[in-house]
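Here the structure comes first, spelled out in structure tokens, and everything after it is commentary.
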Amino acid sequence: MALYSEKVMEHFIHPKNVGVIEDADGVGEVGNAKCGDIMRMYLKINEEGIIEDVKFETFGCASAIASSSMATELIKGQPVEKALTLTNQAVAEALDGLPAYKMHCSVLAQEAIQSAIEDYHHKKGETT
Ligand code: FES
């Protein structure tokens, strides 16, 4: 069996939503203690609390890139509260699975989204 699913390969080779949002409403950056990789997430959130746009940058492995790409697709157009509940397991499932020893890479995407939402609330003067 191939190490990575077709979906992982597709999102790794053609990742969606890579880049920077200059006037982002929330920016989150997290690192993975295991491998030292870094992920940055940018969110554009409208007045209704809907994520209108999302972009990411990463110094991460193939799994981290595929996980972030999938995670951004899953939260785009969603309310922030819903995005907060996105788990790395859900991201891995949407990718048709990740090798067990690569699951920690998908945690980067989940944590970067949570950190960006925290920043959004902080900027609005709200506490989470
Ligand atoms: Fe670092 Fe995957 S090995 S994010």
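For E10 and A100, the FRET efficiency from 1/(1 + (r/R0)^6), where r spans their Cβ atoms and R0 equals 25 Å, is about 0.75. Dipole orientation for the chain: of the candidates M41, I117, Q78, M41 has the Cα lying most toward the positive pole (charges on Cβ; Lys, Arg +1; Asp, Glu -1). When S68, S5 are sorted by how many other C-beta atoms sit within 10 angstrom of their C-beta, beginning with the fewest, the order is S5, S68. Applying 0.36 nm per residue to the separation of E126 and E73 and subtracting their alpha-carbon distance, the gain on full extension is 16.5 nm.
Using C-alpha pairs under 8 Å with a sequence gap of at least 6, the mean separation divided by the residue count of the chain gives a relative contact order of 32 percent. Note that region 88-98 has calculated 3J(HN,Hα) couplings of 5, 5, 5, 5, 4, 4, 5, 8, 6, x, 10 Hz, one per residue in order, obtained from phi through the Karplus relation 6.51 cos²θ - 1.76 cosθ + 1.60 (θ = phi - 60°); glycine and proline are x. Centre-to-centre separation between the Cα atoms of region 15-35 and those of region 43-61: 8 Å.
Remark: D37, D25 ranked as D37, D25, counting other beta-carbon atoms within 10 Å and listing the fewest first. For region 99-128, GluC sites (Glu not before Pro) are listed when DSSP marks them as loop and at most 12 other Cβ atoms sit within 10 Å of their Cβ; the list is E126. Amide H contacts for D25 (H built 1.01 Å from N in the peptide plane; partners 5 or more residues away or on another chain; cut-off under 5 Å): L43, K44, I45.
Helix-only arithmetic for the chain: the sum of -39500 (n - 2.57) across DSSP H runs with n ≥ 4, divided by the residue total, places the mean residue ellipticity at 222 nm at -13000 deg cm²/dmol.
Bear in mind that the values in this text are calculations on the coordinates, not laboratory data. Here the structure is a predicted model, which means the values were calculated and not measured. Note: ideal-geometry Cβ built from the backbone for every residue, glycine included; neighbour counts use all protein chains shown.
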